[in-house]
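Each remark here refers to the structure printed beneath this line.
The values are calculated or read from the model by the stated rules, or taken from the named source; none is laboratory data. In this text the structure is predicted, and so the values were computed from the model without any measurement. Cβ sites come from the backbone with ideal geometry, for glycine too, and all protein chains shown count toward neighbours. The accessibility values were calculated without ligands, DNA or RNA, using every heavy atom of the protein model including side chains. Shrake-Rupley method; radii C 1.70, N 1.55, O 1.52, S 1.80 Å.
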Amino acid sequence: GEKVEQHESTLSVREGDSAVINCTYTDTASSYFPWYKQEAGKSLHFVIDIRSNVDRKQSQRLIVLLDKKAKRFSLHITATQPEDSAIYFCAASGGASSSFSKLVFGQGTSLSVVP
Amino acid sequence: DMKVTQMPRYLIKRMGENVLLECGQDMSHETMYWYRQDPGLGLQLIYISYDVDSNSEGDIPKGYRVSRKKREHFSLILDSAKTNQTSVYFCASSLSGTANTGQLYFGEGSKLTVL
C-alpha cells in the first residue's frame, strides 16, 4: 500500500524566513495531497491541498509544489510568523490500492519559528 | 457550527478492561474515521465508515471494532484493552461522493492510557 515519508522530523526557522517541508510517496496512482496543521495539544486542521492535475497551488503565504515524476510534494511557508509553529502532516490518497477517502499520513514535522 | 466532538477526552484503563470512545459530528457527513496518533508514526487509520452500518477496516484494525448506528455518531470499541493501545485517538469526518472535497474535519482527540 501507499507509504508517505516526511523527511524533516523537526525544523527551526527565524521569523520572516521561509520554511520548506518535504514529503515523498510511493503509489504512482495517488492523486490527492493535503496538508494538516496541529498546534500544541490541539487537534489537526486542514491548511492546503493539491491535486495531481496541477503542480503548484498557493493560498496566501502557503505554497504547495507537486513533482509527480519524483513522487514528491512540498509545503513552503513564506514570511513565517510565530503562530506558524506547529506540527505539519502531509498525506496522500486516491492511489491504486486505496480510495480517495483513505488518507495515508506522514510522520509529521515539528516547525519552530524563532523570533 | 461545524464540529466533531469526542468523548471522553482523557481515559485511564487497566489492561483487559473494555474501552468505548465516542464521536459525534453535526455536519451530516457520510464518512467518518478513527485514527490513532503515536510519536514518530503520524496518524494511522483504524476504521473508516461510509455511512450507517457500512464500515471498512483501515490499516491497523486489529484489536478494535466500531459501531455506526446513526450518521452523526461513530464509536470505537476496544474489547480487553492492551498496553500497546495507549495512544491519542482522533475521530474525523468528511463529505463523500461528488461533494467530497477531500478535507477531513478532526475532533479534539481522546487520550487513552492503558496500565
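Taken over the C-alpha atoms, chain A has Rg and Dmax values of 13.6, 44 angstrom.
Report, to the nearest whole %, how much of the accessible area of chain A belongs to carbon and sulfur atoms, 1.4 Å probe, protein only.
The nonpolar share, carbon plus sulfur, comes to 49 percent.
Comparing each chain alone with all protein chains together (probe 1.4 Å, DNA, RNA and ligands left out), the residues of the stretch B:13-49 losing at least 50 Å² of accessible area are B:Leu43. For B:Thr86, the amide hydrogen comes within under 5 Å of the amide hydrogens of B:Val114, counting only partners 5 or more places away or on other chains and with H modelled in the peptide plane.
When +1 charges are put on Lys and Arg Cβ atoms and -1 charges on Asp and Glu Cβ atoms, the dipole computed for the protein assembly as shown relative to its Cα centre reaches about 260 debye. Within the listed set A:Ser52, A:Ser43, A:Ser93, the residue fluctuating most in the Gaussian network model of chain A (springs between alpha-carbon atoms under 10 angstrom) is A:Ser43. Under 5 Å from the amide H of B:Met27 lie the amide H atoms of B:Lys3, each residue being 5 or more positions distant or on a separate chain, with H modelled from the backbone and absent for Pro and chain starts.
When the trypsin sites (Lys or Arg not before Pro) in the stretch A:4-70 are filtered for DSSP coil states and for at most 12 other beta-carbon atoms within 10 Å of their beta-carbon, the remaining sites are A:Lys69. Around the amide H of B:Leu43, modelled in the peptide plane, lie the amide H atoms of A:Phe105, all under 5 Å away and 5 or more residues distant in sequence or on another chain. For the stretch B:49-63, putting each phi into the Karplus relation 6.51 cos²θ - 1.76 cosθ + 1.60 with θ = phi - 60° gives couplings of 10, 8, 4, 3, 6, 10, 10, 9, 5, x, 8, 9, x, 5, x Hz, in residue order, rounded to whole numbers and with x for Gly and Pro. Binning the C-alpha pair distances of the protein assembly as shown at 10 Å intervals from 0 yields a P(r) profile of 8, 33, 35, 20, 4, 0 %, listed from the shortest bin outward.
The calculated P(r) of the stretch A:29-97, using every Cα pair and 10 Å bins from 0, goes 19, 51, 25, 5 in percent. One quarter of the surface of the convex hull around the alpha-carbon atoms of chain B equals 6.8 nm², the direction-averaged projected area.
With an a/c value of 1.5 or above and a/b larger than b/c for the gyration tensor axes a ≥ b ≥ c computed over the alpha-carbon atoms, the stretch B:48-115 is described as prolate.
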